[in-house]
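Notes follow once the structure below has been shown.
No lab work stands behind these numbers, since they all come straight from the coordinates. On a predicted model such as this, the values are computed, not experimentally measured, just so you know. A quick note on method: Cβ atoms are made from the backbone with ideal geometry, for glycine too, and the neighbour counts reach across all protein chains shown.
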Amino acid sequence: MRQYVREELQLLFQVFLGLFLVFGFSCFLRATTEQFPWLSLIGSAIGLTIILFFLSGKKYRAFLISLLVFSIIMSVIFNWYSIFNVH
């Protein structure tokens, strides 16, 4: 049972690391640019995912998947008015 709890916590921390990494980078991009560069956020997430996948294999797949998913979600959140053009 102890090994199971340890593995579950490891997966949970990987997901939270992906969330906080993407959220921090997107807040930085939002603060330093006038219009949110969504392509930079998604491109950097894809690049980091490819590099880490080739270096570590499937060991950190929860982190890699959460990194991609949260980068797409944050791009939509920060570009909501640009996408749907609500006046």
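General remarks:
- Here, the chain yields an orientationally averaged convex hull projection of 6.8 nm² when only Cα atoms define the hull.
- Dipole in debye (nearest 20) - the chain, about Cα centre, beta carbon charges: Lys, Arg +1; Asp, Glu -1: 320
- With the charge dipole of the chain set up from +1 on Lys and Arg Cβ and -1 on Asp and Glu Cβ about the Cα centre, the Cα lying farthest toward the positive end among the listed residues T49, C27, Q10 is that of Q10.
- Relative to the dominant Cα principal axis of the chain, helix 38-56 is inclined by about 20°.
- Cut-off of 10 Å, at most 16 other beta carbons, DSSP loop: longest stretch of the chain lacking such trypsin sites (Lys or Arg not before Pro): 1-57
- The angle between the Cα long axis of helix 61-78 and the longest principal axis of the Cα atoms of the chain comes to about 20 degrees, rounded to the nearest 10.
- For segment 1-62, the list of GluC sites (Glu not before Pro) that fall in a loop by DSSP and count at most 12 other C-beta atoms within 10 angstrom reads E34.
- Efficiency of FRET from Cβ geometry, L9 and L39, R₀ 22 Å, rounded to 0.05: 0.05
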